[in-house]
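Report on the following structure.
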Amino acid sequence: MASPEYDLHVTAVAWLRVVLPAGSLVHHSPNEGRHNVQYRRKLAMLGMRPGWPDLQIVVPTTHFLDGVRPTGVYIELKSPKGRLSPAQKEVIAALVAARRHVCVCRSMDDVESFLRSLLRLRLTTW
C-alpha cells in the first residue's frame, strides 16, 4: 500500500519531468526504507548519506530567475504530518549553510511555489 509521502513523490517527479527547463536533471537517492546492516554499510561506502533530500535538481544556470543564485536545488518531501529525522535536519542545515536552495515540501503546491520562486518553468501549474 502506498503512503501519502510516496504518492507525493511520484506526482512531484512526474510533474518535474514536464515543467523543468530543457537540460535539467532530477535525481532521487534511494536512502529510505529499512535494510540490513551489511547493505547500509555498502551504501555508506559508496557515498550514500543518511538524511539526503529526496530530490536533487540540476538546472542550467540560464533558467534561474534574475537575481536568484544559480546553484543546487533540493527538495525533501514529507506527508502533511511527516517529521524530519535528525539526519535530515543536519543535512538540510549543511546545504543551507553551503548556500543551496532547499525546501521541505508537504504538497504539490509547496513544490510548485518553491520552484517558481527560483526557476523559469515550462508550465505554470500542475
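What follows draws every value from the coordinates through simple rules; no lab data is involved. Computed from a predicted model, the values in this text were never measured in an experiment. No Cβ is skipped: glycine too gets one built from the backbone with ideal geometry, and neighbour counts run over all protein chains shown.
A few remarks follow.
- Loop sites here are trypsin sites (Lys or Arg not before Pro) outside DSSP states H, G, I, E and B with no more than 11 other Cβ atoms within 10 Å. The longest part of the chain free of them is 35-80.
- Table column - 3J(HN,Hα) (Hz), the stretch 110-121, Karplus curve with 6.51, -1.76, 1.60, x for Gly and Pro: 4, 4, 5, 4, 4, 5, 5, 7, 10, 10, 8, 8
- Ellipticity at 222 nm from helices only: DSSP H runs of n ≥ 4 in the chain, each -39500 (n - 2.57), divided by the residue count, give -11000 deg cm²/dmol.
- Antiparallel bridge percentage (DSSP; both residues within the chain; nearest 5): 60 percent
- Under 20 Å from K78, Cα to Cα: aspartates and glutamates that are on another chain or at least 8 residues apart: E5, D7, E32, D54, E90, D109, D110, E112
- Using the empirical formula 2.2 N^0.38 Å as the baseline, the Cα radius of gyration of the stretch 6-53 reaches a ratio of 1.45.
- Checking (i) 19, 17, 14; (ii) 28, 17, 11; (iii) 25, 17, 14 against semi-axes √(5λ) of the Cα gyration tensor in Å calculated from these atoms, the matching label is (iii).
- J(HN,Hα) series, the stretch 13-24, from Karplus relation 6.51 cos²θ - 1.76 cosθ + 1.60, nearest Hz, glycine and proline x: 5, 4, 5, 4, 4, 8, 9, 5, x, 3, x, 7
- Rounded Å value of the spacing that divides the Cα centres of the stretch 1-24 and the stretch 81-104: 19 Å
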